[in-house]
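J.: Structure incoming, see below.
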Amino acid sequence: MARRAGADTYPARLRKSAHRARVALRKSGVDYFRGDGSDWIALAGLLLTIPAITCATLFDAVWCSPAALVLPIVAGGLLLRPASLLGLYATAATALIVESVALGPYGDGPARVTPGIVLVVAACGFFGLILAQFRARVGVPWRRGGTMLFDLRERIRVQSALPRLPQGWHREMALRPAGGQSFSGDFVVAARTNGGRTLEAVLTDVSGKGMDAGSRALLLSGAFGGLLGSLPPHGFLPAANGYLLRQDWDEGFATSIHLVLDLDSGDYELLSAGHPPALQLHSGSGRWEEKAAEGPLLGVYDGAEFDAVKGSLAPGDVLMLFTDGLVEASDRDIAEGIDRLTGEADRYVATGFEGAAWHLIEACAKDVNDDRALLLLSRRS
């Protein structure tokens with residue numbers, strides 16, 4: 001009874017109330033910066049800014065022009081929801097009226113509210129309202145928009161990571177989006193299956209390039225990653241083809257090449273869906289061989305069949321998979337691009353192709369306005 005009485009004392013209740021208020025304040029702050037909370041903090045700050053700017057303008061209109069009211073208006077377009085933005089605009093319009101009355105007619109001096117200033121403030125408010133309505137329609141607050149895009153980019157990068165290979169194998173992956181963007185229509189999904197004895201890797205080129213193809217590439221990379229290893233190797237491309245057909249996209253096609261490599265023997269199979277051929281370097285002869293499998297584009301028609309081509313990687317051999325952006329351009333055909341790629345790749349034979357993937361893209365297709373990807377596998381001598 002004494003303990004219960006102590007817990008009900010006024011200081012104890014005060015500490016509990018302070019703790020609840022502290023937790024609620026911290027939660028509201030976290031929600032605000034995540035973009036899930038209310039925008040009343042930003043609205044209150046901007047509403048206080050407007051009278052401060054108005055007072056500064058009335059004190060010295062030369063150094064603080066009436067056009068300074070566009071500053072809280074622009075900030076409001078980035079921070080506030082449309083309903084809150086209208087309240088901010090009403091306050092700014094009132095401040096502009098007060099300034100025009102206090103400063104006198106605009107013909108009496110340069111630091112006056114002129115029709116041009118009114119038009120500038122109104123135009124900034126109009127575009128800010130359009131921006132706020134667009135954000136409200138998308139449902140992504142400005143504070144979370146950049147974070148979401150960064151998260152999407154990192155997910156694509158993680159999904160394109162290649163698994164570790166046993167001793168005696170070297171693998172590299174390089175990806176260069178079009179126009180220096182962060183998103184690409186090219187991606188790789190890979191996994192070790194069959195108890196880790198088999199490497200399955202799929203290099204895909206989604207129609208389009210850069211940001212336009214990035215969202216579809218993210219969706220497909222997740223779907224292809226789930227299919228890889230869950231189906232027999234010869235069932236992957238038919239299942240991927242069916243998945244694309246079900247999406248019913250306007251630009252719903254993609255090219256893809258599927259590698260199934262036995263890490264013990266070096267034997268492999270390649271299955272292609274309209275993708276450029278792979279290239280194998282035979283260490284014994286020093287010559288490059290094209291490995292071209294037959295198959296239609298993904299997402300074109302149902303019931304497509306994909307024929308495999310077989311090969312084997314001996315010690316010292318190299319296998320390269322790439323997208324068409326690396327070897328094809330408007331001023332050259334794919335055969336010339338492949339010749340240039342193999343010529344540049346010969347320079348890395350002595351170094352064992354360490355770090356070669358990035359440098360090959362840099363040498364062969366540095367300024368190409370297309371997504372470029374290169375997957376390189378080599379078996380140590």
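J.: Taking a cut-off of 13 Å between Cα atoms, list the aspartates and glutamates near Lys16, but don't count ones fewer than 8 places away on the same chain.
T.: Those aspartates and glutamates meeting the cut-off are Asp8.
J.: Rounded to the nearest 0.05, what FRET efficiency do Val101 and Ser330 have when you use their Cβ-Cβ distance and R0 = 45 Å?
T.: For R0 = 45 Å, the calculated efficiency reads 0.10.
J.: Put Tyr10, Tyr89, Tyr268 in order of accessible area, largest first, 1.4 Å probe: what do you get?
T.: Sorted by accessible area, descending: Tyr10, Tyr89, Tyr268.
J.: Give the relative contact order (percent, whole number) for region 267-355; include only Cα pairs under 8 Å separated by 6+ residues.
T.: It rounds to 28 percent for region 267-355.
J.: Per 0.36 nm of contour for each residue apart, how much would the distance between Asp367 and Ala292 grow if the chain were fully extended, relative to their Cα-Cα spacing?
T.: Gain on extension, Asp367 to Ala292, equals 24.3 nm.
J.: Working with all protein chains in place, sort Trp169, Trp63 by solvent-accessible area computed with a 1.4 Å probe, largest first.
T.: Accessible-area ranking of Trp169, Trp63, largest first: Trp63, Trp169.
J.: Show me the chymotrypsin sites (Phe, Trp or Tyr not before Pro) within region 300-346 that DSSP assigns to loop and that have at most 11 other Cβ atoms within 10 Å of their Cβ.
T.: Passing sites in region 300-346 are Tyr301.
J.: Please work out how much length the chain gains when fully extended from Leu219 to Val300, using 0.36 nm per residue of separation minus the C-alpha to C-alpha distance, in nm with one decimal.
T.: Using 0.36 nm per residue and subtracting the Cα-Cα distance, I get 27.4 nm.
The values are calculated or read from the model by the stated rules, or taken from the named source; none is laboratory data. All figures in this text were calculated on a predicted structure; none of them were measured in a lab. When we count neighbours, we look across all protein chains shown, and the Cβ atoms used for this are built from the backbone with ideal geometry, even at glycine. Ligands, DNA and RNA are stripped out before the accessible areas are found, and what is left, the full protein with its side chains, is counted by its heavy atoms. Shrake-Rupley method; radii C 1.70, N 1.55, O 1.52, S 1.80 Å.
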